[in-house]
Amino acid sequence: EAGVVQSPRYKIIEKKQPVAFWCNPISGHNTLYWYLQNLGQGPELLIRYENEEAVDDSQLPKDRFSAERLKGVDSTLKIQPAELGDSAVYLCASSLGTGADTQYFGPGTRLTVL
Amino acid sequence: EDQVTQSPEALRLQEGESSSLNCSYTVSGLRGLFWYRQDPGKGPEFLFTLYSAGEEKEKERLKATLTKKESFLHITAPKPEDSATYLCAVQRLSYKLTFGKGTLLTVNP
């Protein structure tokens, strides 16, 4: 069974430029999560989707971050404009449902903002 | 606010030298405690879920235990390939996972 797929794996951009990350969850997983992981820290949730609905985006900095999950499958996370402090690893995870269902993570996208 | 504290921050072992990693937590309404392994440049890989105090789970050289305030990840006779960062996370009665900072384990041959 294929795992969570993310692209690109690495991205280097200048500050103030836009950037987008793509995630394809495990087939059949209705719940999708975007996390941010800074160096030496655990992942922190940005947004959670149930199918195509964003049910918790309370931790998403909405002035510059946006996300969508069209048709309840793939998802895109966008930053516009990027700031130096956005340099981090952006992880996507998916689970069959919420509750205590295990979240399976993708390999992440490492973003460097210069 | 949920808090997860992992100790030690880093642990260096010789191959075959058993030890334990600690995860202490404060959470309102624990639904589950998760252990993940993370290799450099990769996403966290699921290891275990524990749901109630007294529960134990094993996988190869790893054994996870849970009390009302902490969880331990015991590593028996570790090998170099066990070197990784081990992350602990707690889940509330809602869905939210709160992670600790992790323990960086290095096993020398």
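The values are calculated or read from the model by the stated rules, or taken from the named source; none is laboratory data. Keep in mind that this is a model prediction, so the values were computed, not measured. Cβ placement follows ideal geometry from the backbone for every residue including glycine, while neighbour counts extend to all protein chains displayed. Accessible surface is based on the protein model in full, side chains and every heavy atom, while ligands, DNA and RNA are left aside. Shrake-Rupley method; radii C 1.70, N 1.55, O 1.52, S 1.80 Å.
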(message) Looking at B:18, B:52 in this structure, which one is touching a residue at least 12 places away in the same chain (Cβ under 8 Å), touching a Ser or Thr at 6+ places or on another chain (Cβ under 8 Å) and open to solvent by 20 Å² or more (accessible area, probe 1.4 Å)?
(response) B:18
(request) State all residues of region B:66-98 that are in a helix (DSSP H, G or I) and either among the charged types (D, E, K, R) or at pLDDT below 95 (or both); if no residue qualifies, say none. (result) B:81, B:82
(request) For region A:10-20, state whether one or more residues are surrounded by fewer than 20 Cβ atoms within 10 Å (Cβ to Cβ), more than 20 Å from residue B:101 (Cα to Cα) and without any contact (Cβ under 8 Å) to a residue 60 or more places away in the chain. (result) yes
(request) Among the numbered conditions (1) at negative phi; (2) at pLDDT below 95; (3) surrounded by fewer than 16 Cβ atoms within 10 Å (Cβ to Cβ); (4) assigned to a loop (DSSP other than H, G, I, E, B), tell me where residue A:28 comes up short. (result) (1)
(request) Just give me the residues in region A:31-47 being more than 9 Å from chain B (Cβ to nearest Cβ), outside any strand (DSSP E or B) and either hydrophobic (A, V, I, L, M, F, W, C) or open to solvent by less than 50 Å² (accessible area, probe 1.4 Å) (or both), in sequence order. (result) A:39
(message) Can you report the number of residues in region B:55-109 which are surrounded by fewer than 18 Cβ atoms within 10 Å (Cβ to Cβ), hydroxyl-bearing (Ser, Thr, Tyr) and within 14 Å of chain A (Cβ to nearest Cβ)?
(response) 1
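Inspect all residues belonging to region A:74-82 and state whether any of them is within 14 Å of chain B (Cβ to nearest Cβ), modelled with pLDDT of 95 or more and either closer than 19 Å to residue A:113 by Cβ or out of contact with any Pro (no Cβ under 7 Å at 6 or more places or on another chain) (or both). Give the derivation first.
Here is the first cut: in region A:74-82, the ones within 14 Å of chain B (Cβ to nearest Cβ) are none.
So far as region A:74-82 goes, no, none of its residues is within 14 Å of chain B (Cβ to nearest Cβ), modelled with pLDDT of 95 or more and either closer than 19 Å to residue A:113 by Cβ or out of contact with any Pro (no Cβ under 7 Å at 6 or more places or on another chain) (or both).
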(request) Would you be able to say whether some residue in region A:27-49 is without any contact (Cβ under 8 Å) to a residue 24 or more places away in the chain and farther than 24 Å from residue B:37 by Cα? (result) no
(request) Find the residue count for region B:1-39, including only residues that are modelled with pLDDT under 95 and outside any strand (DSSP E or B). (result) 5
(request) Just give me the residues in region B:25-46 being in contact (Cβ under 8 Å) with a residue 24 or more places away in the chain, under 14 Å from the mean Cα position of the chain (by Cα) and either under 29 Å from residue A:7 (Cβ atoms) or more than 14 Å from chain A (Cβ to nearest Cβ) (or both), in sequence order. (result) B:34, B:35, B:36, B:37, B:38, B:39, B:44
